[in-house]
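Below is one structure, written out as structure tokens; the observations come after it.
Rule-based calculations on the coordinates, nothing more; no lab input. All values reported here derive from a predicted model rather than from experimental measurement. For neighbour counting, all protein chains shown are included, and Cβ atoms are generated from backbone atoms with ideal geometry for every residue, glycine included.
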């Protein structure tokens, strides 16, 4: 559940990015910093902990920023989150921003799970058909799922298309159970 606070901050940053025509650049920078905080639990805990003073947090932020190539706008935004004691909602802000960006750019994110790696022509075929089906540009993430016996499972937003052999066997089992 994403808070209204996260939505407001994401929308404000998104609007600035839109004015500067840097939607994807600012998202990539936000994601880069957010993933660093997610990977380092101690850093995330430090930044979110109200016991530590803002100056200490800003010093740590400056050291991290020195290792990343972030724009002045993203740096200012991260400093604002620390000043307002909202850095703990950064993952939600990133999610909201991505949703706003995808809607504006007419992009849909798709997850494809297969038991075996897909060939490049097969990936292109799937992408072309998903683009035709959704009417949007498609960003595909392919994952190998050893739990599948074969087939493919495609997630488009909240919709799941399950063409796995495992699912087909379960459907047959249910049909045979009903026939008794």
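Data for the structure
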read-out	value
Separation in nanometres of the label points that stand 7 Å from Cα toward Cβ, at residue 109 and residue 16	2.2 nm
The range 106-179: antiparallel DSSP beta bridges as a percent of all, rounded to 5	55 percent
Kirkwood Rh, Cα atoms: Rg over Rh of the range 22-105	0.96
Angle in degrees between helix 165-179 and the longest Cα principal axis of the chain, rounded to the nearest 10	50 degrees
Rh (Kirkwood; distinct C-alpha pairs) - the range 106-179, Å	13.3 Å
Efficiency of FRET between residue 120 and residue 145 - r from beta-carbon atoms, R0 25 angstrom, step 0.05	0.85
Peptide ranges 34-41, 23-30 listed from the most packed, as the mean C-beta count within 10 angstrom indicates	23-30, 34-41
DSSP-defined beta bridges in the chain - what % are antiparallel, rounded to 5	55 percent
In degrees, nearest ten, helix 23-39 long axis to first principal axis of the chain (Cα)	90 degrees
Sum of -39500 (n - 2.57) over DSSP H runs of 4+, divided by residues of the chain (222 nm, nearest 500)	-20000 deg cm²/dmol
On Cα atoms only, tilt of 4-19 relative to the major axis of the chain in degrees	80 degrees
Taking the chain and dividing mean pair separation by its residue count, relative contact order in percent (alpha carbons under 8 Å, at least six apart)	21 percent
